[in-house]
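The values are calculated or read from the model by the stated rules, or taken from the named source; none is laboratory data. The structure displayed is predicted, hence computed values, not measured ones. In this analysis, Cβ positions are derived from the backbone assuming ideal geometry, glycine residues included, and neighbour counts consider all displayed protein chains. The accessibility values were calculated without ligands, DNA or RNA, using every heavy atom of the protein model including side chains. Shrake-Rupley method; radii C 1.70, N 1.55, O 1.52, S 1.80 Å.
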Amino acid sequence: MPLRRYSRSLARIAMAVTALAFLASCAKNPLLVDRNRPPRTFLVAAPIDSTISHPSATGVSYSYRIHFYWRGEDPDGFVVGYLWAFDDSSAGHFHYTTKTDSIFEVTVNDSADITRGTTIIGTSRFHTFYIRAVDNLGKADPNLAVFNRTTYKATTVKPHVKFVGALPSGNGIDTLSDGAPFKICWTGDDSDGVVIRYKFDAGTYSSPLTTDTCAFFNDPTVPGAVALASGPYNMTVTAVDNAFATGTTNFLFVVNHDPETWFEPKGNPNGYYHPPYLGGEAVDPAIVVPFAEGDTVPYRSTVWFNWDGEDVTGGEANCLNGFSLELRGGTRNGANAYTIGFIDTIPGSPPRRFKSNEPNYLRQAGFDSFVLDSLDPGFNMYMLVAARDCSNRGDGTKAAFRFNCNYRPFIDSLLVEESGQFGPNGFEPGRLITWFSHDREDGKAKNARIKLDNTSTFTTPDFAENFFVPDSRFRALAPSNPHSVEAWVLDRAGFVSDSSLTVYFDLPTPTSQSTRRP
């Protein structure tokens, strides 16, 4: 028993020594406790937070240039400075200051949107401001709550930009000579800030943001001058202010004067035609008749013109590379259009510039489709021709030659005679209507249009010269005298005579007759 008690006592002593050793080791690495309490931050004067009172509901917005005030408190020390940031509260985006207020300028657009030419460019944008106090031990306010942050709508007035100098001239759309150097200048202003950059776009060229107030074009002596080929342009100049708001203006202009075109002889032009028939007789193919503007050519004629052009306006090189031809308001060969695109040379023998659609040469060269033959009837047809310069700009005001095709027929006389004919009911008394007509192309009209008693109208068979109408038909149309026949004539093209002829007559009183058996 004494030995067992002794052994237990030794075990207790060993455990006590071990515990004391453990406690001694803990005393060498004490638990670290941060007893510094963080500061708190308050916005004293700032825009209304949109998360509380949204501007879309209240209409509240603020200038892009705004004054913020703030303060801080530290329960166990004192505030030595502040950390502030806009829009991004992640680490690395805060800036340090010892001030308790500051004026900030924010932007309403991104510069990348402006340089890329996006259409989403405005004059306002939402921004969030963050402020955090820092105490004397370097600890920052860990919270970004309603007291030290605000989201608000910043707004600015867009800048203005205007052109200065000789261009634009103010006389409509300016036209510049092809290849000649020119410059366009501008200036800008901003009512609530300053213009800091400009950008211009012309054709496919889009400039970077620049402080330049002039753009140079087609000038090899100016570094960076923009080359513009022949054609129309809409140049846009954009002013950018210190809030990245933008204002624009534009200028429409044309590079390269269009060429001039005319029908020959210049100043007193004429065309030529060959009629297939006159007076009902075929015409010798060698017959060619000139005609003036406003004249009428016979039905189904072959028509041609001569023309020329030049390109010398503004000192441009007189270089043409083709002509186009179009019959507007008329057709040929049964409603077929006549249009020829720009052609420079007809490769005949010898080759010729395309300055005429004279049929014999075109047929010899294999260009039968270019011959304006078998012209359909019509009034106020226009032959249009346009020259094209060597920069491929066509004449914007085509030369025009007006003419008509097909002469109207004419009714010479109208005769209504007593007559009669046998019908299904035996012999019928009536009126034989006879007319005489003239047509310049076919000799005489194709049909007559007859109106009986100013009521019933019909067209006679082709090429008839008279027509019988029984008296009973007249009596059915009008019960009493006088009766009338009015007549017009129509030609092969369907044109109606300008005038008509009318004959008035009386019908005899009908009598009854009877017969008896013997």
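Figures for the structure shown
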item: Distance cut-off 28 Å, percentage of C-alpha pairs in the range 260-405 lying past it; result: 18 percent
item: Selection from 297, 397, 377 lying farthest towards where the dipole of the range 260-405 points positive, charges on Cβ; result: 377
item: Chain lengthening between residue 465 and residue 101 when straightened (0.36 nm per residue, less Cα-Cα); result: 120.1 nm
item: Relative contact order for the range 148-237, counting Cα pairs under 8 Å that sit 6 or more residues apart, in percent; result: 27 percent
item: Karplus 3J(HN,Hα) series, Hz, for the range 179-191 with 6.51 cos²θ - 1.76 cosθ + 1.60 (x for Gly, Pro); result: x, 7, x, 7, 9, 10, 10, 8, 9, x, 8, 9, 6
item: Efficiency of FRET from Cβ geometry, residue 227 and residue 185, R₀ 30 Å, rounded to 0.05; result: 0.95
item: ³J(HN,Hα), Karplus 6.51/-1.76/1.60, whole Hz, each residue of the range 276-293, x for Gly, Pro; result: x, 9, 9, x, x, 10, 5, 9, 3, x, 7, 6, 10, 10, x, 8, 9, 4
item: Listed residue (469, 335, 48) projecting farthest to the positive dipole end of the chain, Cβ model; result: 48
item: Charge dipole (the chain, unit charges on Cβ, about Cα centre) - positive-most of 287, 103, 478; result: 103
item: Kirkwood Rh, Cα atoms: Rg over Rh of the range 40-155; result: 1.03
item: Normalised contact order of the range 101-188, rounded percent, pairs of Cα under 8 Å and 6 or more residues apart; result: 24 percent
item: Two-site FRET efficiency, residue 509 against residue 326, from Cβ-Cβ distance with R₀ of 56 Å, rounded to 0.05; result: 0.30
item: Within the range 40-155: Cβ-based charge dipole about Cα centre, in debye rounded to nearest 20 (Lys, Arg +1; Asp, Glu -1); result: 220 debye
item: Under 16 Å from residue 183, Cα to Cα: aspartates and glutamates that are on another chain or at least 8 residues apart; result: 174, 201, 212, 219
item: Value of [θ]222 nm, deg cm²/dmol, for the chain, DSSP H segments ≥ 4, -39500 (n - 2.57) each, nearest 500; result: -3000 deg cm²/dmol
item: Per-residue ³J(HN,Hα) for the range 157-170, Karplus 6.51 cos²θ - 1.76 cosθ + 1.60, θ = phi - 60°, Hz, x for Gly and Pro; result: 9, 5, x, 10, 9, 9, 7, 9, x, 6, 10, x, 7, x
item: Heavy-atom accessible area per residue - the range 160-255, 1.4 Å, Å²; result: 48 Å²
item: Fully extended contour minus Cα-Cα distance, from residue 166 to residue 78, at 0.36 nm per residue; result: 25.1 nm
item: Surface share of carbon and sulfur [accessible, 1.4 angstrom probe, percent] for the range 40-155; result: 52 percent
item: Hits among lysines - C-alpha to C-alpha of residue 158 under 21 Å, sequence gap 8 or more where chains match; result: 199
item: Dipole magnitude of the range 141-300 about its Cα centre (Cβ charges: Lys, Arg +1; Asp, Glu -1), debye to nearest 20; result: 780 debye
item: Long-range amide H partners of residue 372 with built H, under 5 Å; result: 303
item: Difference of contour (0.36 nm per residue) and Cα-Cα distance, residue 353 to residue 457; result: 32.0 nm
item: Peptides 165-171, 72-78 ordered by average Cβ neighbours within 10 Å, highest first; result: 72-78, 165-171
item: Size of electric dipole in the chain: Cβ of Lys, Arg +1 and of Asp, Glu -1, about Cα centre, debye, nearest 20; result: 3920 debye
item: Taking the C-alpha atoms of the chain, convex hull volume expressed per residue in Å³; result: 533 Å³
item: Normalised contact order of the chain, rounded percent, pairs of Cα under 8 Å and 6 or more residues apart; result: 9 percent
item: Protection-proxy order for peptides 34-43, 82-91, each taking the mean of Cβ atoms within 10 Å per residue, highest first; result: 34-43, 82-91
item: Cα-based helix-to-principal-axis angle, 2-28 vs the chain, degrees rounded to 10; result: 60 degrees
item: Rounded percent of accessible protein surface that carbon and sulfur make up, the range 260-405, 1.4 Å probe; result: 48 percent
item: Those lysines that a straight Cα-Cα span of less than 16 Å connects to residue 398, excepting residues fewer than 8 apart in one chain; result: 266, 355
